[in-house]
Amino acid sequence: MALIVQKFGGTSVGSVERIQHVANRVIQEAERGNQVVVVVSAMGKTTDALVKLASDITDSPSKREMDMLLTTGEQVTISLLTMALQYKGYEATSLTGWQAGIRTEAVHSNARIQHIDTTRIQTQLDRGRIVVVAGFQGCSEDGSITTLGRGGSDTTAVALAAALKAAKCDIYTDVTGVFTTDPRYVEDARKLHSISYDEMLELANLGAGVLHPRAVEFAKNYQVPLEVRSSLENENGTIVEEEVSMEQNLVVRGIAFEDNISRVTIEGLNNELQTLSTIFTALAKEQLNVDIIIQNVTANNRLSISFSIKTVDVDAALAVLKEYKSTLGYTRIEHESGLAKVSIVGSGMISNPGVAAEMFEVLAGEKIEVKMVSTSEIKVSTVVPHADMVKAVETLHVAFELEEQQAVQV
C-alpha cells in the first residue's frame, strides 16, 4: 500500500459535475489499494468573487480579514468533495488547513509553511479514510488563519506529500502536462515526458503557471516525485524529478514568459557600500519582489540602478524609494511599463556555449528590442516590449527546435 497525494485546482472542481468527476479519479486511486490524501482549491472563480465582495465594502481591507474571507472558498470545496465520496460509498473526512496541522509564519496573504503536524491526517488514514484537505491555507502559532499566496494549493499538496513521506504527488490541472511553452499562445508547443526540478523551478519562477515555485522547491528539497496530469483526460502527464532520463538532447527545454512587467531606474545614487542593501532591504520589507537588477557607475562616480518589477507593484515601490530619498541621495527616478519577460530554460545550456548569443541573434533578426538581460547556468531572461512578447516566444520556439518531436532515449 502506497500513500498518494492528489491535488485538484479550481478549474478541476469548478462545478458539481466536475467535483463528481474528481471523486471518481480519487476512487480509482483508492481502488488500487493506496491511501489517498486529496488537496483542493476553491471552485472555479470563487476566490475572484470573494475578492469582489470585499472590494464592494472597502478599497483597503485588512490582510487578516482577507485571509479569513478567502479561506472559505476551499472549505466549500472540501465539504462537497467529501460528500461526493461518501455518497459513492467511501469513507472520507474533510480538514481545513489548520485542522490538517499546517503551521505557517505569522504573515497574512503570503505565508510560508513552517511545520506540519501529520497526526490527525495519519489517524484518519489508518482508519481507512480518504482525507480531503483545503489547499492554500494554514494557521500561525498565535491561532490566526493564514493563506499561502497565489498557487498555494500546489504548495500545500507537495508539503503534505513531503511530511507524510508519500510515494508520489499528482498535480491535476486543466492541461495534460508541462509543455515547451504555453500552448494557448504557441500552437506547436509540445508536452514534455519529464523535466528536472531545477528546470521546472526556473520555468515556474519565470512565469509558467503550471506549478507554483514554492511547490517545486518543496519537491526538490524533499525529493518528492511529482507528476503534472490532466484532471479531465486519463493520460500520462509530465514527471518532475531530479534527473531527467528522456529527451536529453534538448539544450533548451522550455520557454516561459510573463507580461505586466515594469522597469524602474534610479539615477544619481550615492556610490556607497550600503546603497544596494538599503534599496532592496526596504523593498523586501514591503514584500515587493524585484527581478533583474542592473548597476552602472557614471562618470561623476554616482550610481544608476535599474530593476524589473511587476507593474502592479510599481506604485508601492516608488513610495518606498521616496521615503529613502534623503538616505540614498538620488537625483531622479523613472519607470517604464508595457514590458514583458521572455526566458529560455534548459540544463543543457551548462555544456553548450553560445545559447545566449543565439537567443539575442534571433530577437535582433525580428527587430525585438532587448531592454534588460539576466542569466544563470540554465536560463537566459530578457525584458522586451509587451507588444513583441508572443512574437519573441514563437520565434525562439522555432529557433531552438522545440516544436519538433525529439527522439526518446531510453
The chain - percent relative contact order, Cα under 8 Å, separation 6 or more
13
Amide H contacts under 5 Å for Met372, placed H, 5+ residues apart:
Val383
Correct response: the longest run of the chain lacking exposed trypsin sites (Lys or Arg not before Pro), defined by DSSP loop and at most 11 other Cβ within 10 Å, is 185-366
Which whole-number percent gives the relative contact order of segment 329-410, counting Cα pairs below 8 Å spaced six or more residues apart?
35
May I ask for the angle, rounded to the nearest 10°, between helix 275-285 and the longest principal axis of the chain, with both axes built from Cα atoms and the value confined to 0 to 90°?
30
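Taking square-rooted eigenvalues a ≥ b ≥ c of the alpha carbon gyration tensor, is segment 72-138 rounded, prolate or oblate, where a/c under 1.5 means rounded and, failing that, a/b exceeding b/c means prolate?
Working: a/c = 4.59, a/b = 1.59, b/c = 2.88.
It is oblate, given that a/c is not under 1.5 and a/b is not larger than b/c.
Which value in deg cm²/dmol, rounded to the nearest 500, describes the helix-derived mean residue ellipticity at 222 nm for the chain, given -39,500 (n - 2.57) per DSSP H run of n ≥ 4 and division by the residue count?
Taking each H run of at least 4 residues, the total per residue is -10500 deg cm²/dmol.
Please state the shape class of segment 175-311: rounded when a/c is under 1.5, otherwise prolate if a/b exceeds b/c and oblate if not, all from the C-alpha gyration tensor. Before the final figure, lay out the partial values.
Working: a/c = 2.69, a/b = 2.35, b/c = 1.14.
Here segment 175-311 falls in the prolate category.
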Dipole of the chain (Lys/Arg Cβ +1, Asp/Glu Cβ -1, origin at the Cα centre): which of Leu206, Met372, Tyr222 lies farthest to the positive side?
Tyr222
Between rounded, prolate and oblate, where does the chain land on the alpha carbon gyration tensor, with a ≥ b ≥ c its root eigenvalues, rounded for a/c under 1.5, else prolate if a/b exceeds b/c?
oblate
Carbon and sulfur %, accessible surface of the chain computed with the full protein complex present, 1.4 Å
48
Would you rank Glu235, Glu91, Glu187, Glu258 by solvent-accessible area, highest first, keeping every protein chain in place and using a 1.4 Å probe?
Glu187, Glu91, Glu235, Glu258
Residue-by-residue Karplus 3J(HN,Hα) for segment 102-111, coefficients 6.51, -1.76, 1.60, Hz, glycine and proline x
7, 9, 10, 5, 7, 10, 8, 6, 7, 7
How far, in degrees from 0 to 90, does helix 213-222 lean away from the longest principal axis of the Cα atoms of the chain, to the nearest 10?
70
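Quick check on the chain: of the DSSP beta bridges with both residues there, what percent are antiparallel, nearest 5%?
Working: 46 of 75 bridges.
Expressed as a percentage, antiparallel bridges in the chain total about 60.
What's the magnitude of the charge dipole for the chain around its Cα centre, counting Lys and Arg as +1 and Asp and Glu as -1 at the beta-carbon? Answer in Debye, nearest 20.
Working: 36 positive and 53 negative charges, 204 e Å.
Here the size comes out at about 980 debye.
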If you line up the long axis of helix 314-323 against the longest principal axis of the chain, both from Cα atoms, how many degrees apart are they, to the nearest 10?
60
Using Cα positions and a limit of under 13 Å, work out the aspartates and glutamates in reach of Lys168, with same-chain residues fewer than 8 apart set aside.
Glu29, Glu227, Glu241
Relative contact order (%) - segment 274-381, alpha-carbon pairs under 8 angstrom, separation at least six
23
Distance-filtered residues of segment 99-132 - backbone nitrogen under 20 Å, label point 7 angstrom along Asp142 Cα→Cβ:
99, 102-115
Taking the alpha-carbon distance from Lys52 and a cut-off under 25 Å, which lysines remain once sequence neighbours fewer than 8 residues away in the same chain are dropped?
Lys63, Lys310
Rounded accessible area per residue of the chain, 1.4 Å, Å²
47
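Distance cut-off 21 Å, Cα to Cα: go down the list Lys165/Lys220; Lys341/Lys391; Lys88/Lys165; Lys341/Lys367 and report the pairs above it. Working shown, then result.
On the way: Lys165/Lys220 13 Å; Lys341/Lys391 12 Å; Lys88/Lys165 28 Å; Lys341/Lys367 16 Å.
Flagged as over cut-off: Lys88/Lys165.
The values are calculated or read from the model by the stated rules, or taken from the named source; none is laboratory data. Computed from a prediction, not measured in an experiment: that's the story for all the values here. All Cβ positions, even for glycine, are placed from backbone atoms using ideal geometry, and neighbour counts span all protein chains on display. We work out accessible area using only protein heavy atoms, side chains counted, and drop any ligands, DNA or RNA first. Shrake-Rupley method; radii C 1.70, N 1.55, O 1.52, S 1.80 Å.
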